[in-house]
Amino acid sequence: MVVVEQQGVSMATSTFTLITTIVGGGVLSLPFTIGCLGLIPGPILLVFLAWLNSFSLGLLVKAAHRAGMVDKGSLEDLAAVAFGDRWRHLTAGTVIALTFFASVAYLLLIQQLISPVLSLLTCRNFGRGQGVETILLVAAAVMPFSCKESMASMRFASYASVMSITTLLVILTYRSAQCLAGFLPAEGPEASKYYWCQLKRSAETHVTFAPVEVVEALISMPVVFGAFMCHFNVLPMHAELHKPTYDRMMRVINMTMGSVACAYVGVGVVGYLPLGREVCDNILLNYSSSDPLVNVGRLALASTLFLSYPLLILPCRQTVARLVLLATAPAARARGSGDVDESAPLLEPSSPRVEVVAIPARPDAGGGGWDLEGRTASRIGLSVFLVAFAALLATTTDRVTVIWSFMGSTVVCFVAFTLPGTVYLKLCKPTTFRERLPAYCLVAGSLVIMVMCVVASVINAFKKGGGNSLVTTVDYDPCLVRPFGTEEPRACLWH
């Protein structure tokens with residue numbers, strides 16, 4: 001019998017896998033961000049942030065090579081190598097915050113996607129914004145899957161997300177082309193389905209080529225930050241890559257960011273053009289519940305988000321359990337983590353060695369400690385708590401951009417820009433000012449933007465009027481006041 005040596009993952013497979021980890025529910029808010037930024041600055045910012053994320057990921061890869069983490073380790077390990085175990089815990093905390101708030105946004109998005117379809121099927125108004133009963137229904141449906149010990153059997157959901165986003169792009173492009181070319185019916189029984197294309201435009205609702213308000217531009221930037229987020233996955237993927245050199249990994253990163261940027265610009269522009277500033281923070285809120293083609297897109301994306309939801313709760317729950325175990329049984333980490341890698345060139349020769357190894361998924365808790373993940377009752381209890389708390393938060397707002405903005409301006413900005421720059425400067429110690437300057441600019445710029453975007457997010461969260469769209473002075477909200485397309489009797493599949 002011939003034993004074939006494992007050759008690692010190819011660049012093409014790594015690129016596709018990385019794309020699946022990036023693309024998610026945030027794509028529905030991209031036309032809204034184009035509306036906030038304007039038709040010209042919006043796509044430019046998307047392309048620029050794709051490049052900036054490639055640059056920051058490159059800094060992480062360089063730092064990983066300097067720390068001897070070519071074939072092992074994670075972002076948590078890299079932070080610990082650079083700054084000690086406190087930063088390992090800080091980075092783990094960002095995983096909890098990122099996955100938990102993403103789970104809140106996903107509940108709200110699923111509710112907004114299925115409510116029009118439920119209204120059409122039941123002839124009852126389920127609304128299209130903040131539907132408490134629908135959110136609770138969705139939370140109850142995902143609860144059993146979120147309590148599983150492993151989600152290995154559901155990994156195909158990440159691949160389904162690419163297919164559903166592609167379907168969405170095709171549908172939006174088709175409907176937008178019909179509207180802009182005047183091919184949609186202006187009157188007759190079918191006309192009410194396409195009200196979004198027939199609304200009388202005012203000075204406030206037409207397409208703009210530049211930002212109208214500074215606050216609008218600032219609340220849209222964190223949405224885009226989160227849309228490119230994949231920093232937690234890059235180092236593990238780098239370790240699995242065949243011949244994991246810096247140049248090969250950067251080719252994977254650049255191909256990934258280039259592909260995602262093209263798709264994002266396409267969704268953003270084709271969604272924004274026919275709607276102008278009446279575009280909703282979830283683009284599908286603009287379309288009629290009786291449009292069969294759009295309903296296909298709604299159901300496809302809702303199904304993907306439903307399947308992906310447990311994949312957010314699982315790492316959130318496991319990271320909480322690990323931190324609790326490490327806090328209650330400090331010796332568990334030493335027993336479960338493995339040996340110190342004495343050969344790795346970590347920091348200065350005089351610096352203390354740090355283990356280049358991830359926090360174990362379920363370390364040995366024999367010395368006492370609360371192993372929440374190892375006990376079925378505690379695992380289920382923690383899962384129920386996380387999903388229930390996420391559902392509670394989802395019922396407090398009908399604007400998904402409020403969640404994306406707070407998340408993007410804090411944990412995403414820290415992980416995507418601040419952490420890579422600081423880790424690179426600490427580990428690689430560039431000798432010339434020219435080598436240090438880009439990293440300094442990345443760290444300083446991220447801190448400034450973080451403060452500005454947090455302030456804008458707070459203002460946006462408490463602003464009055466405008467609802468889910470950008471319009472504030474017209475006498476209707478295209479996302480909420482017209483949930484079924486017109487003020488005529490609501491759409492119903494059965495009559």
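The values are calculated or read from the model by the stated rules, or taken from the named source; none is laboratory data. Small disclaimer: the values here were computed from a predicted structure and weren't measured. Using ideal geometry, Cβ is built from the backbone for each residue, glycine included, and neighbour counts are taken over all protein chains shown.
Of the residues examined, Leu121 is one that is surrounded by fewer than 18 Cβ atoms within 10 Å (Cβ to Cβ), among the aliphatic types (A, V, I, L, M) and more than 20 Å from the chain's Cα centre (by Cα).
If I filter segment 25-75 down to residues being buried (at least 20 other Cβ atoms within 10 Å of the Cβ) and not in a helix (DSSP H, G or I), which single residue comes out as farthest from the chain's Cα centre (by Cα)? Among those that are buried (at least 20 other Cβ atoms within 10 Å of the Cβ) and not in a helix (DSSP H, G or I), it is Ala67.
Hey, could you check segment 392-431 for residues that are of a type in the set (D, E, K, R) and modelled with pLDDT of 90 or more and say which is farthest from Gly93 (Cα to Cα)?
Lys429
Considering segment 282-326, the residues that are over 30 Å from Tyr195 (Cα atoms) and hydroxyl-bearing (Ser, Thr, Tyr) include one that is surrounded by the most Cβ atoms within 10 Å (Cβ to Cβ), namely Tyr309. Going residue by residue through segment 459-482, is there one that turns out to be at pLDDT below 90, crowded, with 16+ Cβ neighbours inside 10 Å and β-branched (Val, Ile, Thr)? Within segment 459-482, one or more residues are at pLDDT below 90, crowded, with 16+ Cβ neighbours inside 10 Å and β-branched (Val, Ile, Thr). In segment 194-217, the qualifying residues are those that are buried (at least 17 other Cβ atoms within 10 Å of the Cβ) and in a loop (DSSP other than H, G, I, E, B), and the one that is modelled with the lowest pLDDT is Thr205. Looking only at residues in segment 400-446 that are over 27 Å from Leu109 (Cβ atoms) and of a type in the set (S, T, N, Q), the one that is surrounded by the most Cβ atoms within 10 Å (Cβ to Cβ) is Thr422.
Within segment 8-24, track down each residue that is part of a loop (DSSP other than H, G, I, E, B) and more than 26 Å from Gly421 (Cβ to Cβ).
Once the filter is applied, which keeps residues that are part of a loop (DSSP other than H, G, I, E, B) and more than 26 Å from Gly421 (Cβ to Cβ), segment 8-24 yields Gly8, Ser10.
Residues that are over 16 Å from Ser29 (Cα atoms) and among the β-branched types (Val, Ile, Thr) within segment 253-293 comprise Ile253, Thr256, listed in sequence order.
The set of residues in segment 176-193 that are surrounded by 16 or more Cβ atoms within 10 Å (Cβ to Cβ) and touching a helix residue (DSSP H, G or I) at 6+ places or on another chain (Cβ under 7 Å) comprises Ser176, Cys179, Leu184.
Assess whether Ser337 counts as being touching a helix residue (DSSP H, G or I) at 6+ places or on another chain (Cβ under 8 Å) and either at pLDDT 60 or above or surrounded by fewer than 23 Cβ atoms within 10 Å (Cβ to Cβ) (or both). So Ser337 does not fit the description; no.
Residue pairs, Cβ under 8 Å, 6 or more apart or interchain, first in segment 218-230 and closer than 21 Å to Leu75 by Cβ and in a loop (DSSP other than H, G, I, E, B), second small (Gly, Ala, Ser) and modelled with pLDDT of 90 or more. List them. If the second residue must be small (Gly, Ala, Ser) and modelled with pLDDT of 90 or more, the pairs left are Phe228/Ala50; Phe228/Ala416; Met229/Ala416.
Of all residues in segment 132-164, those that are at pLDDT 70 or above and part of a helix (DSSP H, G or I) total 21. Per this entry, Ser289 is counted among residues that are farther than 19 Å from Ser56 by Cα and small (Gly, Ala, Ser).
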